[in-house]
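Everything below concerns the one structure shown next.
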Amino acid sequence: MSETGVLRWGILSTASIGVQKVIPGIKAADRCEVISIASRDGNLAKEVAEGLGIPNAYGSYEELLADTEVDAVYIPLPNHLHAEWTIASARAGKHVLCEKPLAMTSAEAEQMVEVCASEGVRLMEAFMYRLHPAWEAVREIVSSGRLGPVRAIQSWFSYFNDDPTNIRNVAEFGGGALMDVGCYPVNVSRMLFDGEPLRVEASVRRDPTTGVDVLTSAILEFESGVASFACSTRAEPDQRVHVYGTEGRISVGIPFNIPPDLQAEVFVTAGGDPPVHPDTQVLTFDPADQYAIQAERFARAILEDEPTPIPPEDAVANMRVIDEIFEAAGE
């Protein structure tokens, strides 16, 4: 570890989410420094490194993992490569922040968690939204009982992408709506109900050419209530989460891809004369880069030997529900 108390990062891949969102977030985070990036295309790695001010560029992932100056890696590779390179990173002694979903299956996720634990490195799934101040406030409101017991959660997450060459439309790469964006509604439902579903029902509609799911919906029955959601890669881009309790409700306008330069808003309704004249309070939160917060919290956990902000076992549980959704739909 750096003697200056800074976590030194390497980036495995020049994927767009890393280049456009996560790397700038890590660079802006306290106690974080991005020192290396790797691509199978060495020239591309050099180009991206120059553009983002990263000192070292490598033409292979193996070279980056051999860099003894790197403390932790961020992995934004396609889903089917998450397990291979998380395990390789752990065996090279690197802590791992891996994009969601963590793996292709819950069994694969369990193996990743076991290897990281045996190698003594941290592993976290990059569900950055959970660490945003708006979501920390939502969790506090729910746990405080202000809404009464939560009975239902409704979520929607969609965008439009019908490019057959895009990795999100390649089945063997782990493409499809549920893996790409449906993992968020699964995660938020488990987080707010603070448990695992007892029963799962689902419907999956697949593209006849690519074979990936393009419209998936599910009902997750928890001990105290029900979560329902739909996700699609063939619909108008949108995302919503609504939480209903016996005494109030919450709506989160942009729940997952919260823009770092805009205020976040959470609408809390309790009392009044609903549905005509409900008493709604609008909570606003200063602009915040959830990717920077994610990096800071992960770095702090490692540098201060604190618990990982999102424990890796949660990623296994999330994958288990995704497995169950496909199974429930007769996949």
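The values are calculated or read from the model by the stated rules, or taken from the named source; none is laboratory data. Being a predicted model, the structure only gives us computed values, none of them experimental. Note that each Cβ is placed from the backbone with ideal geometry, even for glycine, and that neighbours are counted across all protein chains shown. Note: accessible area is taken over every heavy atom of the protein model, side chains too, but ligands, DNA and RNA are not part of it. Shrake-Rupley method; radii C 1.70, N 1.55, O 1.52, S 1.80 Å.
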Item to check | Residues (within 22 Å of Trp135 (Cβ to Cβ) and either in contact with a Lys or Arg (Cβ under 6 Å, 6 or more places away or on another chain) or surrounded by fewer than 15 Cβ atoms within 10 Å (Cβ to Cβ) (or both)) located in segment 267-278 | outcome: Thr269
Checklist entry - Within segment 283-294, is even one residue exposed (fewer than 15 other Cβ atoms within 10 Å of the Cβ), touching a residue at least 12 places away in the same chain (Cβ under 8 Å) and part of a helix (DSSP H, G or I)? => result no
Checklist entry - Among Leu123, Leu44, which is the only one that is surrounded by fewer than 20 Cβ atoms within 10 Å (Cβ to Cβ) and either among the aliphatic types (A, V, I, L, M) or touching a residue at least 24 places away in the same chain (Cβ under 8 Å) (or both)? => result Leu44
Item to check | Candidates Ser224, Ser228 - the one that is of a type in the set (Gly, Ala, Ser) and touching a helix residue (DSSP H, G or I) at 6+ places or on another chain (Cβ under 8 Å) | outcome: Ser224
Item to check | Index of the failed condition, Ser251 passing every other in (1) among the polar types (S, T, N, Q); (2) surrounded by fewer than 16 Cβ atoms within 10 Å (Cβ to Cβ); (3) farther than 23 Å from Ala329 by Cβ | outcome: (2)
Checklist entry - How many of the residues making up segment 49-66 are farther than 24 Å from Ala103 by Cα and open to solvent by 20 Å² or more (accessible area, probe 1.4 Å)? => result 9
Checklist entry - Going by the conditions given, is Ala28 of a type in the set (A, V, I, L, M), open to solvent by 10 Å² or more (accessible area, probe 1.4 Å) and more than 30 Å from Glu327 (Cβ to Cβ)? => result yes
Next on the checklist: So, in segment 197-212, exactly how many residues are surrounded by 15 or more Cβ atoms within 10 Å (Cβ to Cβ) and either farther than 15 Å from Glu327 by Cα or free of Cβ contacts under 8 Å to residues at least 60 places away in the same chain (or both)?
Outcome noted: 4
Item to check | Residues that are within 20 Å of Tyr129 (Cα to Cα) and not polar (S, T, N, Q), drawn from segment 245-261 | outcome: Arg249, Ile250, Val252, Gly253, Ile254, Pro255, Phe256, Ile258, Pro259, Pro260, Asp261
Checklist entry - Any residue at all in segment 140-153 that is closer than 27 Å to Pro287 by Cα, in a helix (DSSP H, G or I), within 17 Å of the chain's Cα centre (by Cα) and among the acidic types (Asp, Glu)? => result no
Next on the checklist: I'm told Arg190 meets every condition in (1) of a type in the set (D, E, K, R); (2) assigned to a loop (DSSP other than H, G, I, E, B); (3) within 27 Å of Glu140 (Cβ to Cβ); (4) open to solvent by less than 70 Å² (accessible area, probe 1.4 Å) except one. Can you identify the failing condition by its number?
Outcome noted: (2)
Item to check | Tally, over segment 1-24, of residues that are crowded, with 23+ Cβ neighbours inside 10 Å and either of a type in the set (A, V, I, L, M) or on the phi < 0 side of the Ramachandran plot (or both) | outcome: 8
Next on the checklist: Give me the residue from segment 295-311 that is of a type in the set (D, E, K, R) and in contact (Cβ under 8 Å) with a residue 60 or more places away in the chain and, out of that set, most open to solvent (accessible area, probe 1.4 Å).
Outcome noted: Arg300
Next on the checklist: I'm trying to understand the selection: among the residues of segment 14-62, which are among the aliphatic types (A, V, I, L, M) and closer than 19 Å to Pro260 by Cα?
Outcome noted: Ile17, Val19, Val22, Ile23, Ile26, Ala28, Ala29, Leu52
Next on the checklist: Taking the condition of being closer than 25 Å to Ser203 by Cα and either aromatic (Phe, Trp, Tyr) or at pLDDT below 95 (or both), how many residues in segment 223-255 meet it?
Outcome noted: 2
Checklist entry - Within the group Ala264, Ala235, Ala230, which residue is over 23 Å from Leu131 (Cβ atoms), within 19 Å of the chain's Cα centre (by Cα) and aliphatic (A, V, I, L, M)? => result Ala230
